[in-house]
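Reading through the structure tokens given below for one structure.
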Amino acid sequence: MPVANPVVRSALIAHRGASAYAPENTLAALEIAAGLGARWVEVDVKLTRDGQLVVIHDDMLERTTNGRGAVALHDLALIRQLDAGSWFSPTFAGTQVPTFQEVVECALRLGLGLQVELKPTIGDDVETAEAAIPLLRRLWPQGRGQLFVSSFSVRSLCAARRLWPEVPLGLASLLAPADPASLLAEYGCQVLHVFDDMLDEHHLRRLQASGVEFAVAIINNPDRARYLLANGAQSILSDYPDLLTTTSLRKL
Ligand code: G3P
Ligand code: CA
């Protein structure tokens, strides 16, 4: 049964922007996602040592920048000097790690829906929400919709709920829980995200029967995407914003 009033009215959320075509979690990744027809993007928000917010996935700088060490042990000024594009392609050399504010403003400018994943370094779960949520609440136009805050961290989600009672929340889980509706209710969440690596038919049927709004990550195969969407998923997260529309995309 379709979800009556879903938070996300789009079959696809561009995972970390157009992360197959641009360095993930950058302004370029959002712009390319929008250019390829994405209506929603997902980004990861993390706290720096000096309490600033940047958009980056990993706890450590190495994979997606030319820096070294933990994001949480560096100040914003240093992180902004790093190159977050060359690891992906020389075309993107000089791309900065964006601030959270830049990303929110970029999503609004591009007319995108936004999934803000609170990505604490384990230990600063509450602090991450306490920095991100008031800023997001100030920047996001009241009544615009097309926004939800997600996390694997229930501590971050509880803090987000305290700071912004009305914002839709999404809980990320590796495995589909035994009772999805009860789990979402326990944390005041509207959406559940699960991972395809851990999703067998039994767990998919359980999600479908629960009636909750759920999305599946990370789907880069169009046939799998269509199967999940036909079997209860409200959306899929994909590195390819054009996964469901392109005719030339190679089967992965
Ligand atoms: O919402 C789920 C998705 O964002 C999780 O994937 O690896 O980007 O945190 P990851
Ligand atoms: Ca994420």
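The values are calculated or read from the model by the stated rules, or taken from the named source; none is laboratory data. Nothing here was measured: the structure is a model prediction, and the numbers come from that model. Note that we place each Cβ from the backbone using ideal geometry, even for glycine, and neighbour counts take in every protein chain shown. Note: accessible area is taken over every heavy atom of the protein model, side chains too, but ligands, DNA and RNA are not part of it. Shrake-Rupley method; radii C 1.70, N 1.55, O 1.52, S 1.80 Å.
For region 16-27, the criterion of being within 16 Å of ligand 2 (Cβ to nearest atom) and either at pLDDT below 95 or among the acidic types (Asp, Glu) (or both) is satisfied by at least one residue. One residue is enough: does region 75-91 have a residue meeting the conditions within 16 Å of ligand 1 (Cβ to nearest atom) and over 26 Å from Pro134 (Cβ atoms)? The answer is yes; a qualifying residue exists.
Checking each residue in region 141-172 for being of a type in the set (Phe, Trp, Tyr) and open to solvent by less than 10 Å² (accessible area, probe 1.4 Å) picks out only Phe148.
Per the listing Leu112, Leu108, the residue uniquely closer than 23 Å to Leu36 by Cα and away from ligand 1 (no atom under 16 Å from the Cβ) is Leu108.
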